[in-house]
Amino acid sequence: MPLVSIVVPVLNEEDALEPFVAQVIPYLARAGVDWEIVFVDDGSTDSTWSKIGALAHDDGRIRGVRFSRNFGKEAGLTAGLKAAKGDAVIPMDVDLQDPPDLLETFIGIWRKGEADTVYGKRVSRAADTWLKKQTAGMFYKLFNKIASHKIEENVGDFRLMDRKVVDAVLALDEKNRFMKGLFSWVGFRSVGVPYERPPRLVGTSKFNYWKLWNFALDGITGFSTLPLRVWTYIGLAVGAVAFFFAIWVLFKTLVWGPDTPGYPSIMVALLFLGSVQLVSLGVLGEYIGRLYVESKNRPLYIVAETVGSCPT
């Protein structure tokens, strides 16, 4: 039978681990495959790691990787993909907002050879706040307008990937990793499965709006150079306005004579041009900062310890 790996990055989720395992295992057994669950502890400060160790002790098909500190979910997901031994790999959230009952559907489509990637597509975000739904919708629309490669709207990390897809993703070495973009970028045959996203079973989300904002910046700057190019057009537009304004000033001076310069108009022009320059420098700095991080070539994460013979 094929081996299916479930990859679960966690951060301070001590109360969610046992309910997750209890709900996921019956569906994996029903799918008729061999399976393993790989937890990646992203620097938890509660008893998450000790509970992962207890679960691994009780069932040899459960394994764990622990980071030396918090490196972020994208690093945790990458480590889980690297540790997974399965012929297919399914990343999931431990809060059970990724419904375990879809596992049979994912695995069934994959085993029939209908797709190399089977992803879950949210048809409802009733569990999210109004603000989160609006900002998520705006992000997907903006990303797909400016990025060189589009991603499916309302599709997260919850998906089944064939081993060749996983190997292709792991072959990408960038340090600023926007995994949804990488999953889409590698290609392969993909099929979407719609589902209703339920509320979290326990605990609270570890993503606040500041983290989501930075996450969105990583995605946009990692897959599009349009924010850089757009400032060329803004510069040309401002230059054109300045050129025609200069012609108007020259004409007015020749016809009506010199005019006393106005302090307000000078300040407006200075503040406007100064703000344009600062914003353009900020956009340029975002890209330079990412080049700087890549050039240092530091590891994406550091593994402190493992349980269940997880490769590092």
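The values are calculated or read from the model by the stated rules, or taken from the named source; none is laboratory data. Just so you know, these numbers come straight off a predicted model, no measurement behind them. So basically every Cβ, Gly included, is an ideal-geometry build from the backbone, and we count neighbours across all protein chains shown.
Out of the range 105-125, which residues are surrounded by fewer than 22 Cβ atoms within 10 Å (Cβ to Cβ) and not in a loop (DSSP other than H, G, I, E, B)?
Hits for the range 105-125 are 105, 108, 109, 111, 119, 121, 122, 123, 124.
What pairs come up if the first residue lies in the range 69-95 and is in the same structural domain as residue 174 (by TED's automatic domain parsing), the second is of a type in the set (Asp, Glu) and modelled with pLDDT of 90 or more, and their beta carbons are under 6 Å apart, counting only those six or more places apart or on different chains?
Close Cβ pairs (under 6 Å, with a partner that is of a type in the set (Asp, Glu) and modelled with pLDDT of 90 or more) amount to 88/162.
Quick check: is even one residue across the range 16-35 within 25 Å of the chain's Cα centre (by Cα) and acidic (Asp, Glu)?
Among the residues of the range 16-35, not one is within 25 Å of the chain's Cα centre (by Cα) and acidic (Asp, Glu), which makes the answer no.
Just to be sure I understand, how many residues within the range 15-36 are closer than 12 Å to residue 94 by Cβ, touching a helix residue (DSSP H, G or I) at 6+ places or on another chain (Cβ under 7 Å) and buried (at least 18 other Cβ atoms within 10 Å of the Cβ)?
Of the residues in that region, 3 qualify.
Every residue, every condition in (1) over 13 Å from residue 65 (Cβ atoms); (2) in contact with a Pro (Cβ under 9 Å, 6 or more places away or on another chain); (3) surrounded by fewer than 12 Cβ atoms within 10 Å (Cβ to Cβ); (4) modelled with pLDDT of 70 or more, yes or no:
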{"position": "273", "(1), (2), (3), (4)": "yes, no, no, no"}
{"position": "280", "(1), (2), (3), (4)": "yes, no, no, yes"}
{"position": "288", "(1), (2), (3), (4)": "yes, no, yes, yes"}
{"position": "293", "(1), (2), (3), (4)": "yes, no, no, no"}
{"position": "296", "(1), (2), (3), (4)": "yes, no, yes, yes"}
{"position": "300", "(1), (2), (3), (4)": "no, no, no, yes"}
{"position": "303", "(1), (2), (3), (4)": "no, no, no, yes"}
{"position": "306", "(1), (2), (3), (4)": "no, no, no, yes"}
{"position": "310", "(1), (2), (3), (4)": "no, no, no, no"}
